[in-house]
Amino acid sequence: MTALRTCIGSAKFGIAAHDAPPEDFPVQPSQKDGLGRMCKPHWNQYTTALRKAAPARKGEEPAAVATQEARTEGVGGRRAKEARAAKPEPIRTRAPRGRRQAAPQAGSQGDAG
């Protein structure tokens, strides 16, 4: 009989802790035993809940969430095009680089003075 591991769950998102076989846990090299703390199905459920809760923390509108979900779920057709079209322009913090012109060194062209 294989030993069971405890999936820690998440009280915040209503995921109950339970025991599961080690094969259900994702590989996590940074952990001592090399396995994650949540089973794969609950980890997916947890990350989805975090993504949906993020706009509430940031104070965004629900429409932005729908656009993000359509983009991340890979919805094809008209909705995907609308989601791409609704994407705002990136904010540029500095001017784009141009080609550098070769400047002569001081004194190489003959000083006028």
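The values are calculated or read from the model by the stated rules, or taken from the named source; none is laboratory data. Predicted model, so just to flag it, every value in this text is computed and none were measured. A quick note on method: Cβ atoms are made from the backbone with ideal geometry, for glycine too, and the neighbour counts reach across all protein chains shown. Each accessible area value is taken on the protein alone, full model and side chains, heavy atoms only, with ligands, DNA and RNA left out. Shrake-Rupley method; radii C 1.70, N 1.55, O 1.52, S 1.80 Å.
Just need a number here: residues in the range 6-27 that are outside any strand (DSSP E or B) and either under 14 Å from THR47 (Cβ atoms) or in contact (Cβ under 8 Å) with a residue 24 or more places away in the chain (or both). If you could, list the steps in order and put the result at the bottom.
Start the filter on the range 6-27 by keeping residues that are outside any strand (DSSP E or B), which leaves 8-9, 11-14, 16-17, 21-26.
Right, trim to either under 14 Å from THR47 (Cβ atoms) or in contact (Cβ under 8 Å) with a residue 24 or more places away in the chain (or both) and you get 8-9, 12-13, 26.
The number of residues fulfilling the criteria is 5.
For GLU69, which of the numbered conditions (1) surrounded by 13 or more Cβ atoms within 10 Å (Cβ to Cβ); (2) under 30 Å from LYS87 (Cβ atoms); (3) modelled with pLDDT of 90 or more fails to hold?
(3)
Do you know which residues across the range 32-43 are part of a loop (DSSP other than H, G, I, E, B) and open to solvent by 60 Å² or more (accessible area, probe 1.4 Å)?
Of the residues in the range 32-43, the ones part of a loop (DSSP other than H, G, I, E, B) are 32-34, 36-39.
Residues satisfying the conditions are LYS32, ASP33, ARG37.
So which residues in the range 20-54 are more than 13 Å from ILE8 (Cβ to Cβ) and in contact with a Pro (Cβ under 7 Å, 6 or more places away or on another chain), if there are any at all?
Of everything in the range 20-54, just one residue is more than 13 Å from ILE8 (Cβ to Cβ) and in contact with a Pro (Cβ under 7 Å, 6 or more places away or on another chain), namely LYS40.
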